[in-house]
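The values are calculated or read from the model by the stated rules, or taken from the named source; none is laboratory data. Note that this is a predicted model, so its numbers are computed, not measured. Reconstructed Cβ throughout: ideal geometry from the backbone, glycine too, with neighbour counts over all protein chains shown.
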Amino acid sequence: GQQVMQIPQYQHVQEGEDFTTYCNSSTTLSNIQWYKQRPGGHPVFLIQLVKSGEVKKQKRLTFQFGEAKKNSSLHITATQTTDVGTYFCAGKGPGGFKTIFGAGTRLFVKA
Amino acid sequence: NAGVTQTPKFQVLKTGQSMTLQCAQDMNHNSMYWYRQDPGMGLRLIYYSASEGTTDKGEVPNGYNVSRLNKREFSLRLESAAPSQTSVYFCASSDQLGGSSGNTIYFGEGSWLTVV
């Protein structure tokens, strides 16, 4: 079945450093979503990418969807302590109903 | 707008006890889900309901049952709790209209369940 793999599992950065998490699917995706979960909280939707090669930005966050629609990345420029949490990618296969979540990347930011 | 509301927030059960997690959404969404989250395992789908009147198994359905009571409510039942079911449970919903906003999954705040 469809699998979504996400790396790294953990990342420790110094405040001000950049951070990137990568997501890879075993099958072509119709869309990819990104969610953020603060410690002790629940996942909150950040963005959805649909088109091959699509790039979207939200302030310091840059999201990319690969040309083959099988991989995606989230890049945070100049991390802040408010960026702490777990970032999940979630992919939906063509014609499929279920959205499959990656295992998440937990980001720690040291002030 | 409360969004997705789930209860209880915390629960401790003894092995073999049963309990039901309640979930309701006020966004008129068609689809509802139950996930469990364990450290390092991400979010794993237990059961989902594509629309009122239908339910289907997800990745890890064993030991659970669900009921889609109406469009708003989707409950998760543990018939005989086991320590392996200690986890954080999230109820979620989405519109599933297929548009860019229809796929967004909205999560409840989670239910922390410990089975001893």
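Restricting attention to the range B:40-57, the residues being surrounded by fewer than 19 Cβ atoms within 10 Å (Cβ to Cβ), facing chain A (nearest Cβ under 9 Å) and modelled with pLDDT of 90 or more number 2.
Quick grid of which residues meet (1) closer than 28 Å to A:Pro39 by Cα; (2) buried (at least 18 other Cβ atoms within 10 Å of the Cβ); (3) within 14 Å of another protein chain (Cβ to nearest Cβ):
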| position | (1), (2), (3) |
| --- | --- |
| B:Asn30 | no, no, yes |
| B:Asp38 | yes, no, yes |
| B:Gly63 | yes, no, no |
| B:Ser80 | no, no, no |
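Could you tell me whether B:Gly98 is surrounded by 13 or more Cβ atoms within 10 Å (Cβ to Cβ) and at pLDDT below 95? No; evaluated as a whole, the condition is false for this residue. Per the listing B:Met27, B:Met32, the residue uniquely touching a residue at least 60 places away in the same chain (Cβ under 8 Å), within 14 Å of B:Phe107 (Cβ to Cβ) and in a strand (DSSP E or B) is B:Met32. Tell me, yes or no, whether the range B:1-22 has at least one residue that is over 13 Å from the mean Cα position of the chain (by Cα), within 11 Å of chain A (Cβ to nearest Cβ) and outside any strand (DSSP E or B). The answer is yes, given that some residue of the range B:1-22 is over 13 Å from the mean Cα position of the chain (by Cα), within 11 Å of chain A (Cβ to nearest Cβ) and outside any strand (DSSP E or B).
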